[in-house]
Each structure stands twice: as C-alpha cells, then as structure tokens.
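Here the structure is laid out as structure tokens; the discussion comes afterwards.
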Amino acid sequence: MDYLIIGNCASGVNAVEAIRGKDQKGKITVISDENYPAYCRCLISNYLAGTRKEKDLLLKEKNFYQDNSIELILNKKVESVKPENKRVVLSDGKELKYDRLLIATGGSPKFLGVEGEDKYGIFGFRTLNDAKEILKLIPRAKKVLVFGGGLIGLKAGYALKQKGMDVEIIVKSPRILSQVTDNDSAEMVGRWLMENGIKIRTGLAPKKILGNKKVEGVLLDNEEKMNCQVIIIGKGVRPNMDLVKDSKIQTHWGIITNQYLQTNVENVYAGGDVAETTDLITGEPTINALWTAAAEQGRIAGLNMAGEGKKYPGSIAANSIDFFGLPIISLGYVRVKEKGYEEFVRRQPGIYQYKKIVLKGNRLVGVILVGNIENAGVYLALIRRKVDISGIKDILLEDWFDYSKVSELLEQKEGFRETVSLQGDLVKMA
Amino acid sequence: MKRLFVDVERCLSCRSCEIACAVEHSQSKDLFSSLKEEPGPRSRTKVERDTKLQTFPLQCRHCEEPYCIDACISGAVSKDPETGLVILDEDKCVGCWMCVMVCPFGVIRPAKEKKIALRCDLCQDNEIPACVAACPTKALFFGELKDFKKKLLERKDTKSKVKV
C-alpha cells in the first residue's frame, strides 16, 4: 500500500503516526513545499519574539521520519491531483502514484488587495520563513503596522512588541478579535494590549502601500499617511486547494469531506485548514482552521486510510491565547446577533476578568473566558457533547464550577467514557 | 498498568493529597522550605464537591484518547507507549493553555506565574505517588485495576455498592 501525504504540519504528521500505528509495512511519502521537517507552526510568534529557538520548534524528535520509515520530500509543491490515475503532479513535472492520498495542504494568508502590496516587508505570518525574514528587517525597522485584529495578526504584533518595536494594530471593524470575542471582552483585551504598549486603531483600512522596493509607509483610507518598515497582514487564511481545481474532487469553502474525512473520491482524504467539515454547533459545513482540529482530523483520516473506519464527530471553534500574561479562551458560538439565545455575563474589568456563557435552549453553545480560564475544558465538553444543562444553568458562571458538578451529565453521554481511562471510571464506582 | 484509583467512600476531603502534591513538585520537596519558594508550590490534584456535596478528588486521568495531545501546539504532550501515561514535557510547554481549553475534566491547571500547564505525572520518579503516600484514610490507591477491585470487595461495607 502506498500512502501519500501532501502537507507536513499538524494534520500530515498526525496522519503519518496513525497510519504507522496500524500498518508497519506500507510505504508512506510526505511532501512539503517548505524546507523544514515538521515544526510547530503556532510557535513562529515565540520564535519571532525570541522566546523559542529554531531547534525547539521541531514538532517531532529528530529521527521521526527515519524511525517511521517515511520518505520526506521537501521544497516541492504538488500542482495537481489526478484521482483517475491515482497520481499527483509535482511542480518539477514529476508524478507520484498513490493508493491512499491525504490532502493536508493547509491555508495561505489572504492579501489586502491594495496597490503596492508586492513590496518587500509585507508578511502574511504563516511560515517559519516569514518569521526569519521579519527578523532580518528588525535591526533597521522601528515601526510595524498590523492590518487585521485577528489572532494571527495580534500574535505577530505581540511578538514584535517583545522585540522592542513600535507596534500598531489597524482594524477595519470597530474592535479587535471580532471573530472570537464579543464587544465587552474585546474592549478588555484591547485595553490590556494598549496598557502593555501596543497601539490599536479601529475603523481604518489601508489604501496604498508606499515605498520603492521596500515598504516605507502606508496611505490609509482616511488619506492619512503613516510610516512603517514592516507590515503584517492578519486578514485570515484561505485554503490551499488549487491542486484539485481541475479534478473531480469536490470543493466548496474547502475540500468537502464526509464523516470519515474522505473526499468524494474514495481513496482521497483531506484534513486540516484545507478541509471542510461539519461544525459541531451549527451543523453547517465550515472550515475551523485550528491546530487542534487539524491534528485530530489528521489522526482520524490516517486511521481510516489504514482501514479503521473511525468517524470524525465534527469540528468546533475553540481558541486559546495569552498576551502579556492575560489568558483568553473562546469556545463555540459567541458572537450572538440573532434572537433565540440566552447570555449570562460576569464582568470584572478592574482585574481583567470576564466570563460569558451563551445558551441556546438547554444547550451550552459558547463561552468566553478572560483572566481566569480554569476548567475551560469542562465547558468545551458540555458544548461538544450537547449536554442538557437546564439543571445547572445557575452555577455555570461561578468560579467554583468544575467537572465534579457535571460528571453525571457528561458520563451519561455516548462516547464520553471511551476517551477516559479506567482511572476515571473508578472514581465514581463507590 | 499501574493507575491511581480513588475509593471515594473513604475520602474525607482533608486535602492532604493536595499539599503532598504541591510539595513533591516544588524545588525543595520540603513543606516549609517550599513555602518560601518563588513561584510558590502548586498542587496538580484537587478535591472538589459534587452537587450532592459528595467529595470528589480530581486529577489527570491519562485518557485513552487524550484531547490534550491533539491540542498541544508545541508537541509537549505525549502518551508513553509503555505506561500509557500522558506526560507533559515542561521544557517544551509555552503556556498557550490549549490543553486547559480541551481537558474535559478541568484537571490541567494554568500556572500563569511559570507560564506552563500543570498536570499529574503520577510522580514517575517515586515508587508511589506523593498523594497516595500522604492519604491518611487510604482512599487513594496506586496499582493495577484488578487489585483495586479486590481491595474494594474485601471491604464488607462497600460490597453492596460496588459494581465490579
């Protein structure tokens, strides 16, 4: 059996491990368009900040590929997939054949779409090379503008602030973190960032990038000119799915997958930021482009490629981040605009603590935690397992809320115990 | 595989296990010296009360399919293939709190002062975990499942309540 994995990050590596766990003989090939063994992509901001060295970014131990007999092809892009011949075509024209294929090509940063975007000094902040290029510019750069107030842009800004640069976040919407927070918590986090020296301006967008070959400044849509030497674009990512556009593999937001993470072509699977899966809360098809989701999808796709037949329950939006020691966790559906939802909030702006829970009927669908994040996973379990929380509504916001208060509700749920070892079962035995 | 089991009938919620855990994971491993350490000692196990006010000790369950491994963005969490224990490499941990976000038991605790997640490692260097050694009522048991079951059945008072 020839397994071919396109992509060498969370999804790809987890798939490889899952396949090897079940099939020690099959040939596994991993192709990456980057020039590194798998690294912790989310830690490129730590690398940029100087809190992690390059050697500490390795996702797996040094001999991972050798020990698992994996052929690793670096620096090669897959141009197209030809499922009818079970082949892929590489950028150098070479073809590789497969029996089982995993497409885990991830995503690419979206562009600003303005004049002058081809200048040197503009980064999407997605790869280790992006971080290395930014580091090269730091000695002569003073000012960084981050366009977009999402997690990636803020993480890059946070890293560069730690490097002593003058960082300014420019957001088109009225607030930062608009995808994962509500107004009050975004205001709190924004105030915290500003107190720690990061500037934030809202309601503005770039119109033109200024400079010759290198970035020297920006013209904003209010005709204001700002000087800067580095620009980070944090406008989100789009799935890298050009390689299937002329094939029979179906796409929508991303590459469409079924509950086994299979595409519409039987022996082709997809996982990670390129894969469209079902959202656990809304039931709608979506891409939850998150490390956690990518790793789980890769693992399950890998198991299925090796013949397991394991169902993927669906993806869930869940983000955790820490800026200057302030932890922020956002789970599920938190940007309530329509009717039919109930919200409970506890605000303690003076000590930077915020807790919000969102209910729909008897189900918990969203949580925002700022400051105190203990027991966050208990909420996620309640969301994930669609637990009827009508009996515990009044204690969900309490600081003493924890697993012991909901153990019976959770343990009734099908599949919950499967993830738990016997150590857990026996706690409740007596 | 040796695991930590709790005979909740015997637990008095004295929290000796919490103190023992915090001391064991301190730099000095001594109660009084550890109190002066910076950052201070922190327990990785906790004793809570459920909605019926029944005592409820909680610690990492070393899950079969741990959410925390998928969630870890720095490759710091792994499952030991021999012991089945889910172990955090604290040097690799960056304090992103992804594991805190996904642990359904809420037993991974964010140590903001150290910027790492704290979790039970079953005191791997010791013969028995510190919490088990410290438990005055022998509510905590470290060993094989079958031995724990046997121990429970030997106790007449719980025989009727235990489903083995």
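Take the Cα of residue A:411, step 7 Å toward its Cβ, do the same at residue A:184, and the gap between the two points is 3.5 nm.
If we count other beta carbons within 10 Å of each Cβ, what is the order of A:194, A:165, fewest first? Walk me through the numbers before you get to the answer.
Numbers: A:194 12, A:165 21.
Fewest to most other Cβ atoms nearby, the residues stand as A:194, A:165.
If one computes the Cα centroid of the range B:1-56 and of the range A:241-255, what distance in Å separates the two points? Centre-to-centre distance over Cα atoms comes out at 53 Å. Treating r as the C-beta distance of residue B:13 and residue B:35 and R0 as 25 Å, the FRET efficiency rounds to 0.65.
Residues A:219, A:280 in ascending order of nearby Cβ atoms (within 10 Å, fewest first): A:219, A:280. Between residue B:153 and residue A:207, the modelled labels are 8.2 nm apart [label points 7 Å from Cα along Cα→Cβ]. Measuring between their Cα centroids, the range A:1-46 and the range B:109-125 lie 29 Å from each other. A Förster distance of 41 Å, applied to the separation of the beta-carbon atoms of residue A:264 and residue B:64, puts the FRET efficiency at 0.80.
When the dipole is taken about the Cα centre of chain A, and only Lys, Arg (+1) and Asp, Glu (-1) are charged at their Cβ, what size is it in debye, to the nearest 20?
Values: 63 positive and 54 negative charges, 169 e Å.
Charge dipole, chain A, about its Cα centre: 820 debye, nearest 20.
Other residues lying with their Cβ under 9 Å from the Cβ of residue A:2 contribute a combined charge of +3, Lys and Arg counting +1, Asp and Glu -1. The order of A:200, A:395, going from fewest to most other C-beta atoms within 10 Å of their C-beta, is A:395, A:200. Restricting the calculation to Cα atoms, the range B:21-141 shows an Rg/Rh of 0.96 when the hydrodynamic-style radius is the Kirkwood one. Protection proxy ranking, highest mean first, for peptides A:229-236, A:281-288, A:25-32: A:229-236, A:25-32, A:281-288, where packing is the per-residue count of other beta-carbon atoms within 10 Å, averaged.
Quote the relative contact order of chain A in percent (integer), defining contacts as alpha-carbon pairs under 8 Å separated by 6+ residues. In percent, rounded to a whole number, it is 15. Note on chain A: GNM, Cα springs under 10 Å; of A:216, A:84, A:34, the largest mean-square fluctuation is that of A:84. Peptide A:377-386 has a mean of 4 when you count, residue by residue, the C-beta atoms of other protein chains within 10 Å of its C-beta.
Values in this text are rule-based calculations from the coordinates and carry no lab data. Please read all numbers here as calculations on a predicted model, not as lab measurements. Backbone-built Cβ (ideal geometry, glycine too); neighbour counts: all protein chains shown.
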